[in-house]
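Inspection log for the structure reproduced underneath, given as structure tokens.
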Amino acid sequence: MREFLSALVGFIVTAVCIALCLGVGHIFASVLGVLPASLYGMLLFAALLATGLMDEERLGKSVARIVYYMPIVFLPICVGVMEYTDLIASVGWKLLLIGVLTTLLTMSLIAFVASRMLPRESDD
Amino acid sequence: MIEALGFGLLTIAVFLFWMRIQKRADLLILNPLLFSLFCIVGVLTLMDIDYQRYMRGASYISFFVEPCVVALGYPLFKQLKMIGRQWRELVTLCLLAVFTVLTVSALLARWMGIEDWVIRSLVILCITTAIAMETSEALGGAPSLAALTVMIAGFTGSAFGMQWLMLMRIREPRAVGLAIGSTAHALGTATIARYSYESSAYASTALILCAIFTAIVAPLYIPFLLSL
């Protein structure tokens with residue numbers, strides 16, 4: 001019971017921190033533009049953790065749980081592919097081919113170059 | 001209200017089902033996101049339910065996209081020192097990714113005889129949706145088409161990225177993270193975060209850098225490329 005309450009409190013604290021960072025991210029996005037609010041919020045969250053103002057260990061356990069189930073939040077947006085049936089019918093296979101080939105080719109190139117370019121972890 | 005709740009619960013139930021299947025089968029290819037998508041689209045199509053009706057319930061789930069992206073700041077924080085030491089390499093790799101995506105997609109589209117306005121929509125495919133749509137509009141393309149191609153890139157990287165890189169015998173976590181983050185954006189980063197925090201941190205870094213570089217480079221580079 002104690003463990004459950006502690007985890008719950010930790011989760012609430014994490015949610016509040018994330019909400020605050022996202023709120024500030026929205027302000028940055030409306031003033032600066034360039035990046036969406038969530039990416040400004042991500043950078044701010046990382047920066048706040050780096051300052052030590054937030055309890056890293058407590059947040060870490062809650063974030064691990066969020067990250068585990070995270071892909072689910074993208075699912076409704078992805079179902080939006082249903083809205084493009086006309087487009088898919090006319091040029092769909094071309095879009096799919098271009099999308100898949102470009103992604104796999106770029107992924108391969110970057111992974112190959114990165115694995116040779118980045119210093120070995122023991123060298124750092 | 002009940003219908004809306006039902007769609008939300010359907011989404012969660014289908015996803016958790018496929019997560020369990022993947023865990024039991026221990027096969028990465030059984031991507032829960034991809035299989036859940038097939039199931040849900042199949043059910044909605046069979047029951048003749050349009051996307052707007054579905055989103056009335058499922059929007060409660062997609063509301064959490066932004067907070068989840070913010071949460072990815074934690075893996076990024078865990079690797080900050082390491083990333084800071086390698087900033088030159090990271091900037092170089094992300095610039096390489098951006099130019100590769102823009103060039104390959106534009107040239108492939110040209111070769112397939114696709115019209116210019118469609119090319120301007122689909123070349124911005126490997127970055128986060130919000131920036132892709134804005135940049136595509138600035139280029140004279142259609143934001144909705146940009147959103148579609150972003151989904152294709154995200155799915156490709158998320159569903160097949162790790163397996164593809166394993167086939168290429170690339171397992172170094174930083175390289176995997178950079179490759180997936182620079183092509184499959186937030187969707188790929190979210191998927192990879194379940195397997196490796198180190199990869200996720202590099203993917204998050206690539207995601208941000210590539211988004212910034214694309215927003216700056218594309219409006220200049222794409223018109224030049226299309227004029228050749």
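The values are calculated or read from the model by the stated rules, or taken from the named source; none is laboratory data. Everything quoted here is computed from the prediction, not taken from an experiment. So basically every Cβ, Gly included, is an ideal-geometry build from the backbone, and we count neighbours across all protein chains shown. What goes into the accessible areas is simple: the full protein's heavy atoms, side chains included, and nothing from ligands, DNA or RNA. Shrake-Rupley method; radii C 1.70, N 1.55, O 1.52, S 1.80 Å.
Within the option set B:ILE114, B:ILE131, B:ILE119, B:ILE83, being open to solvent by less than 40 Å² (accessible area, probe 1.4 Å), of a type in the set (A, V, I, L, M, F, W, C) and without any contact (Cβ under 8 Å) to a residue 12 or more places away in the chain holds for one residue only, B:ILE114.
Being of a type in the set (A, V, I, L, M) and either more than 17 Å from the chain's Cα centre (by Cα) or surrounded by fewer than 21 Cβ atoms within 10 Å (Cβ to Cβ) (or both) is a description that applies to A:ALA19. Just checking, does the range A:39-46 include any residue being without any contact (Cβ under 8 Å) to a residue 24 or more places away in the chain, part of a helix (DSSP H, G or I), open to solvent by 40 Å² or more (accessible area, probe 1.4 Å) and among the small types (Gly, Ala, Ser)? Looking for residues that are without any contact (Cβ under 8 Å) to a residue 24 or more places away in the chain, part of a helix (DSSP H, G or I), open to solvent by 40 Å² or more (accessible area, probe 1.4 Å) and among the small types (Gly, Ala, Ser), one finds none in the range A:39-46, hence no. In summary, helices (runs of 4 or more DSSP H) completely within the range B:1-120 and bearing 3 or more residues that are among the small types (Gly, Ala, Ser) occur at B:2-25, B:51-62, B:87-111. Which of the numbered conditions does B:ASP116 fail, given that it passes all the others? Conditions: (1) more than 29 Å from B:CYS39 (Cα to Cα); (2) of a type in the set (D, E, K, R); (3) touching a helix residue (DSSP H, G or I) at 6+ places or on another chain (Cβ under 9 Å); (4) at the interface with chain A (Cβ under 7 Å from one of its Cβ atoms). Unmet for B:ASP116, out of (1) more than 29 Å from B:CYS39 (Cα to Cα); (2) of a type in the set (D, E, K, R); (3) touching a helix residue (DSSP H, G or I) at 6+ places or on another chain (Cβ under 9 Å); (4) at the interface with chain A (Cβ under 7 Å from one of its Cβ atoms): (4). For A:LEU101, indicate whether it is within 7 Å of chain B (Cβ to nearest Cβ), part of a helix (DSSP H, G or I) and open to solvent by 10 Å² or more (accessible area, probe 1.4 Å). So A:LEU101 passes the test.
Looking across the range A:22-38, the residues that are at pLDDT 90 or above and surrounded by 15 or more Cβ atoms within 10 Å (Cβ to Cβ) come down to A:LEU22, A:VAL24, A:GLY25, A:HIS26, A:PHE28.
Applying the criterion of at least 3 residues that are under 28 Å from A:ARG120 (Cα atoms) and touching a helix residue (DSSP H, G or I) at 6+ places or on another chain (Cβ under 7 Å) to the helices (runs of 4 or more DSSP H) found wholly in the range B:122-228 leaves B:161-167, B:173-193, B:197-226. B:ARG194 meets the conditions (1) surrounded by 24 or more Cβ atoms within 10 Å (Cβ to Cβ); (2) of a type in the set (Lys, Arg); (3) facing another protein chain (nearest Cβ under 8 Å) in every case but one. The failed one is (1).
Yes or no, residue by residue, for (1) among the aromatic types (Phe, Trp, Tyr); (2) within 19 Å of B:ALA71 (Cβ to Cβ); (3) at the interface with chain B (Cβ under 7 Å from one of its Cβ atoms):
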{"position": "A:GLY60", "(1), (2), (3)": "no, yes, yes"}
{"position": "A:VAL73", "(1), (2), (3)": "no, yes, yes"}
{"position": "A:ALA89", "(1), (2), (3)": "no, no, no"}
{"position": "A:LEU97", "(1), (2), (3)": "no, no, no"}
{"position": "A:SER108", "(1), (2), (3)": "no, no, yes"}
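Taking the criterion of being surrounded by 17 or more Cβ atoms within 10 Å (Cβ to Cβ) and polar (S, T, N, Q), the only residue of the range B:86-99 that qualifies is B:GLN86. No other residue among B:MET168, B:MET151 is within 10 Å of chain A (Cβ to nearest Cβ), within 19 Å of B:THR100 (Cβ to Cβ), out of contact with any His (no Cβ under 7 Å at 6 or more places or on another chain) and not polar (S, T, N, Q) apart from B:MET168.
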